[in-house]
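Worksheet: the structure to be examined is printed underneath.
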Amino acid sequence: MKLKVVYFGSSLAGKSTNVKMLNRILREKGMAGELVSMETDEQRTLFMEMFVSNVKVDDLELDIKVLTTPGQFRLHPLRKVILKGVDGLVFVVDSSRERADVNFLVLRETAAVLKELGENLMDFPVVVQYNKRDLPDAMPIEDMEMRFNPWGAPYVEAVAVEGKGVLETFRLILSNILVKRYAKG
Ligand SMILES: Nc1nc2c(ncn2[C@@H]2O[C@H](COP(=O)(O)OP(=O)(O)OP(=O)(O)O)[C@@H](O)[C@H]2O)c(=O)[nH]1
Ligand SMILES: [Mg+2]
């Protein structure tokens, strides 16, 4: 079975860090290919992609394409291309209180892009990752849950730069996608 997983979230939330760390972890297990990415001069992602293969969940064998959307607002048009045909989403949320508003804006904007693609974000398999838990101004989880998890989706606390929570997030989105598929029959 082929799946497409997209990491979205505000600029600098840590999407690329997640995929880089995941790539490192999975490559050691021989499960991931090379990371392909393109960045602007300011190291903002234009495009990042990797393939994960030989993943076995129960009796299923999965081939997974992992992508990140650019967080920057001026790169908005690219998001539509990247989100096309997506099976599951990871919402990477910057825990810094300063980023609360942009986190929320990107959630709203992603919902709008999916709507243009004929999908409803609220029906989608999602995992919320509260990243940068190491920051001194990290918001309390209860507060973030109220603002950023309208699905009541499973969430993970992460420090992606240290690799914390990275694999757990990826595992959760895969099981979430599969559970929703089976539930639909
Ligand atoms: N303190 C802290 N910094 C982090 C963490 N995860 C990522 N960062 C840092 O946050 C900055 C942005 O991370 P990226 O992964 O490039 O963010 P992004 O979401 O891909 O950003 P765009 O490509 O612009 O959308 C980098 O300097 C990372 O090192 C974390 O858990 N804690
Ligand atoms: Mg990036």
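For the range 82-101, check the following and say yes or no: at least one residue is within 14 Å of ligand 2 (Cβ to nearest atom) and over 21 Å from Phe148 (Cα atoms). Walk me through how you get there before you give the answer.
Taking the range 82-101 and keeping what is within 14 Å of ligand 2 (Cβ to nearest atom), we get 82, 90, 92, 94.
Restricting the remaining residues to those that are over 21 Å from Phe148 (Cα atoms) gives 82.
Looking for residues that are within 14 Å of ligand 2 (Cβ to nearest atom) and over 21 Å from Phe148 (Cα atoms), one finds at least one in the range 82-101, hence yes.
Assess whether Val6 counts as being open to solvent by less than 10 Å² (accessible area, probe 1.4 Å) and on the phi < 0 side of the Ramachandran plot.
Against the criterion (open to solvent by less than 10 Å² (accessible area, probe 1.4 Å) and on the phi < 0 side of the Ramachandran plot), Val6 qualifies.
Restricting to the range 140-166, name every residue that is in contact (Cβ under 8 Å) with a residue 40 or more places away in the chain, among the hydrophobic types (A, V, I, L, M, F, W, C) and touching a helix residue (DSSP H, G or I) at 6+ places or on another chain (Cβ under 7 Å).
Listed by number, the residues that qualify are Phe148, Ala158, Ala160, Val161, Val166.
I'd like to verify a number: residues in the range 18-77 that are of a type in the set (A, V, I, L, M) and within 11 Å of ligand 1 (Cβ to nearest atom), how many?
Taking the range 18-77 and keeping what is of a type in the set (A, V, I, L, M), we get 19, 21-22, 25-26, 31-32, 35-36, 38, 46, 48, 50, 52, 55, 57, 60, 62, 64, 66-67, 75.
Keeping just the survivors that are within 11 Å of ligand 1 (Cβ to nearest atom) gives 19, 21, 38, 46, 48, 75.
Number satisfying all stated conditions: 6.
Can you find a residue that is among the aromatic types (Phe, Trp, Tyr) and either within 13 Å of ligand 2 (Cβ to nearest atom) or open to solvent by less than 40 Å² (accessible area, probe 1.4 Å) (or both) anywhere in the range 51-60? Walk me through how you get there before you give the answer.
Residues of the range 51-60 that are among the aromatic types (Phe, Trp, Tyr), as a first pass: 51.
Among the residues that remain, those that are also either within 13 Å of ligand 2 (Cβ to nearest atom) or open to solvent by less than 40 Å² (accessible area, probe 1.4 Å) (or both) are: none.
Within the range 51-60, not a single residue is among the aromatic types (Phe, Trp, Tyr) and either within 13 Å of ligand 2 (Cβ to nearest atom) or open to solvent by less than 40 Å² (accessible area, probe 1.4 Å) (or both).
Within the range 12-50, restricting attention to residues that are open to solvent by 80 Å² or more (accessible area, probe 1.4 Å) and more than 13 Å from ligand 2 (Cβ to nearest atom), which residue is nearest to the chain's Cα centre (by Cα)? Let's see the steps before the verdict.
So the first thing to find is which residues in the range 12-50 are open to solvent by 80 Å² or more (accessible area, probe 1.4 Å), and the list is 12, 20, 24, 27-29, 34, 38, 41-43.
Among the residues that remain, those that are also more than 13 Å from ligand 2 (Cβ to nearest atom) are: 24, 27-29, 34, 41.
On the way: Arg24: 17, Arg27: 19, Glu28: 21, Lys29: 21, Glu34: 18, Asp41: 23 Å.
My answer is Arg24.
Restricting to the range 2-17, give me the number of residues that are basic (Lys, Arg) and more than 8 Å from ligand 1 (Cβ to nearest atom).
Selection size over the range 2-17: 2.
The values are calculated or read from the model by the stated rules, or taken from the named source; none is laboratory data. All of these numbers come straight from a predicted model, not from anything done at the bench. Every residue, glycine as well, gets a Cβ built from its backbone with ideal geometry; the counts of neighbours run over all protein chains shown. We work out accessible area using only protein heavy atoms, side chains counted, and drop any ligands, DNA or RNA first. Shrake-Rupley method; radii C 1.70, N 1.55, O 1.52, S 1.80 Å.
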